[in-house]
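Enquirer: Let me begin by handing over the structure; questions about it come next.
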Amino acid sequence: MPKPDFWKNNKRYYDLKSYWRNLFGCNVHKLQIDAGFSCPNRDGYVAVGGCIYCDGRGSKLRQKGILPSVTEQIASGKKYYKPHASKFVAYFQTFTNTYAPVEKLRELYKEALAQEDVIGLSIGTRPDCIDTYVVELLSEHAKKYHIWVELGLQSANDQTLQFINRGHNFQQFTESVKLLAGNGINICVHIIIGLPGENDKDVLNTARTLAAMPVNGIKIHSLLALDGTVLGEMYKKRTISMITKEQYVSLAADVLEILPPEMVIQRLTADGYRDIFLAPDWAMNKLDVLNSINKELERRDSYQGKKYRITS
Ligand code: SF4
């Protein structure tokens, strides 16, 4: 198999920065937005308490008090990132950003897209909050703008989803992908490595399953135990153990080998949460984790997609 294009970026996987440079010929940056959404897995609509690892605090802006408007949040983000990027994607990140009547969504997305140099949207949400109205709205925008939907999945194993209190199953995820695919909307899926009760086989099964679906991007990170969460309590009581750096690096490399070479790797580590972070210690050194994954691929003389097999 010829070495894929991203090889020339000194990375052994297709990172988001390279993808956007290839697509738009310039640096593009995601601007995080907290538009004041809630989450049905926290407010009782689906469940209460949320996923066992979720701290439920929302963005730093929300923690400070009244949220600035979408326009104001984009303006301050642009000011900060302007030296490093010339175009921007408005990232509706906090909680479930399709969990509102479609008219409200239309207003918020339109406001973001009206800002200068904003070329698209990335909408973070849950599989059970995708319906035909949302797809119709986003596919309309996709005719003119660069649109991503980021679906939280975490694992393709229903037992795991139940244990972590996701409030949806894998079937609901596949239905949301079916609804979104083929409408000009890019789909990014979030997965976690190191979930309680999961072994290597489970993680690789999730990766293989996603590799065979119309998924355009992925965000991967290790499970983090945060203070004030159900998982944090489990960690403190030592009823769960956290994945080691060596295990994570090796599994992340395994996952990258299985994924299609053109799938955009939007994240390989988690960040933030320093004030409530409990474990694992190594996960706080993001650069070291990224370097270690690249080194592991180098050691194997491998790269993203090396073991990807097209299934029919
Ligand atoms: S879906 Fe997201 S916001 Fe909702 S409880 Fe889970 S992690 Fe928290």
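Enquirer: Rounded to the nearest 5, what % of DSSP beta bridges with both residues in the chain are antiparallel?
Expert: Details: 3 of 36 bridges.
The answer is about 10 percent antiparallel.
Enquirer: Trypsin sites (Lys or Arg not before Pro) within the stretch 83-146: which are DSSP loop residues with at most 14 other Cβ atoms inside 10 Å? Please report the intermediate quantities before stating the final value.
Expert: Numbers: sites: Lys87, Lys104, Arg106, Lys110, Lys143, Lys144; in loops: Lys143, Lys144.
Sites meeting the loop and neighbour criteria: Lys143, Lys144.
Enquirer: In the stretch 223-303, which trypsin sites (Lys or Arg not before Pro) fall in coil by DSSP and have 16 or fewer other Cβ atoms within 10 Å?
Expert: Values: sites: Lys236, Lys237, Arg238, Lys245, Arg267, Arg274, Lys286, Lys295, Arg299, Arg300; in loops: Lys237, Arg238, Arg300.
Answer in residue order: Lys237, Arg238, Arg300.
Enquirer: Which value, in debye to the nearest 20, gives the size of the charge dipole of the chain about its Cα centre, when Lys and Arg are +1 and Asp and Glu are -1 at the Cβ? Display every interim value, and only then the final one.
Expert: Working: 40 positive and 34 negative charges, 151 e Å.
Using only the charged Cβ atoms, the result is roughly 720 debye.
Enquirer: While we're looking at this one, here's another question. Cysteines of the chain lacking any other cysteine beta carbon under 4.7 Å?
Expert: When partners are defined as cysteine Cβ atoms under 4.7 Å apart, the chain leaves Cys26, Cys39, Cys129, Cys188 without one.
Enquirer: A further question follows. In deg cm²/dmol and to the nearest 500, what is the mean residue ellipticity at 222 nm of the chain if only DSSP H runs of at least 4 residues count, each as -39500 (n - 2.57), divided by the residue total?
Expert: Details: 11 runs with 113 residues, N = 312.
Helix contribution divided over all residues of the chain: -10500 deg cm²/dmol.
Enquirer: Then there's this: At Thr174 and Lys110, where each label point lies 7 Å from the Cα along Cα→Cβ, what is the point-to-point distance in nanometres?
Expert: 3.8 nm
Enquirer: Once amide H atoms are built 1.01 Å from N in the peptide plane, which residues 5 or more positions from Ser222, or in another chain, come under 5 Å H to H?
Expert: Ile193, Ala270
Enquirer: Could I ask something else about it? Can you tell me the dipole magnitude for the stretch 95-156 around its Cα centre, using point charges on the Cβ only (Lys, Arg +1; Asp, Glu -1), in Debye to the nearest 20? Numbers along the way, then the final one.
Expert: Details: 6 positive and 10 negative charges, 15 e Å.
It works out to roughly 80 debye.
Enquirer: Considering only Cα-Cα distances, which of the following residue pairs are longer than 26 Å: Lys64/Lys237; Lys30/Lys104; Lys144/Lys307?
Expert: Numbers: Lys64/Lys237 31 Å; Lys30/Lys104 22 Å; Lys144/Lys307 35 Å.
Cα-Cα > 26 Å for Lys64/Lys237; Lys144/Lys307; rest within.
Every number in this text was worked out from the coordinates using simple rules, so none of it is lab data. Here the structure is a predicted model, which means the values were calculated and not measured. Glycine gets a Cβ as well: all are built from the backbone with ideal geometry, and neighbour counts include every protein chain shown.
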